[in-house]
Amino acid sequence: MKNTQVYEDFAKKQQQLEEEKLQIWLDHSLFTFQWWLGAVLLIISIVLFIIFRKRNSTDRLLYVGTFTALLSSLLDLVGNSLGFFHYHYEVIPFTDNYFPWSISIIPVSIMFLLQVKPNISSYIKATALSLLVSFVILPFLEVIGIYHPVNWEYYYSSPVIFVIYLIADYLSKKDRFTKLYEE
């Protein structure tokens with residue numbers, strides 16, 4: 001049962017760190033310019049989706065958006081856990097990713113691009129999005145103190161965003177859904 005004690009000790013340390021993180025968030029993040037920016041971006045991106053989505057494609061877009069949000073959150077969690085980068089000024093204190101980014105901005109941006117000019121090559125859209133994110137948005141987030149690359153270069157994000165977009169594009173074109181019940 002010695003292994004059990006190792007896990008219990010780790011859980012206690014982790015709980016202490018979470019309590020410290022909450023206190024840091026309350027003292028240094030909540031209601032700062034960066035916090036407000038994140039809250040506003042989160043809300044605005046959702047409102048923009050509601051206003052500008054193709055109504056008859058809402059379910060398909062939400063399917064793709066949910067997948068994108070989960071994947072980008074997972075990748076942010078892994079990157080943060082491995083010490084590649086970290087975020088300050090989280091909108092919600094109990095996450096290790098920048099919630100507005102992975103849950104809202106990236107998925108809504110991808111859902112928007114999927115709708116606009118559907119005849120343009122997916123590769124062109126993926127390239128444009130990946131370059132914009134990697135060389136404009138991430139540097140901006142670093143300048144204002146939200147994003148902190150440690151063992152990560154901006155250009156590492158480019159192929160990641162490129163692949164996320166292509167997967168989302170592929171999923172948006174799937175047409176093999178059947179009803180779960182008979183009418």
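Listing for the model above:
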| quantity | calculated |
| --- | --- |
| Degrees separating the helix 122-132 axis from the principal Cα axis of the chain, which is the longest one | 40 degrees |
| Crossing angle, helix 2-24 versus the chain [Cα axis fit, 0-90 degrees, rounded to tens] | 80 degrees |
| 0 to 90° range, to nearest 10: angle between helix 33-52 axis and the chain longest Cα axis | 20 degrees |
| Expected 222 nm ellipticity per residue - DSSP helices of 4 or more, -39500 (n - 2.57), all of the chain, to 500 | -20500 deg cm²/dmol |
| Kirkwood Rh in Å, taken over region 24-183 so that all alpha-carbon pairs contribute | 16.6 Å |
| Built amide H within the under 5 Å cut-off of HIS86, gap 5+ | HIS148, VAL150 |
| Two-site FRET efficiency, TRP36 against LEU166, from Cβ-Cβ distance with R₀ of 30 Å, rounded to 0.05 | 0.35 |
| Trypsin sites (Lys or Arg not before Pro) within region 41-114: DSSP coil, no more than 16 neighbouring Cβ in 10 Å | LYS54 |
| Three-way shape label, region 21-76, alpha-carbon gyration tensor, a/c 1.5 | oblate |
| FRET efficiency estimate (nearest 0.05) - Cβ-Cβ, ILE44 to LEU131, R0 30 angstrom | 0.85 |
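Where a number appears in this text, it was derived from the coordinates with a stated rule and is not lab data. Values in this document were obtained by computation on a predicted structure and should not be read as measured data. Please note: Cβ atoms are built from the backbone with ideal geometry, for glycine as well, and neighbour counts cover all protein chains shown.
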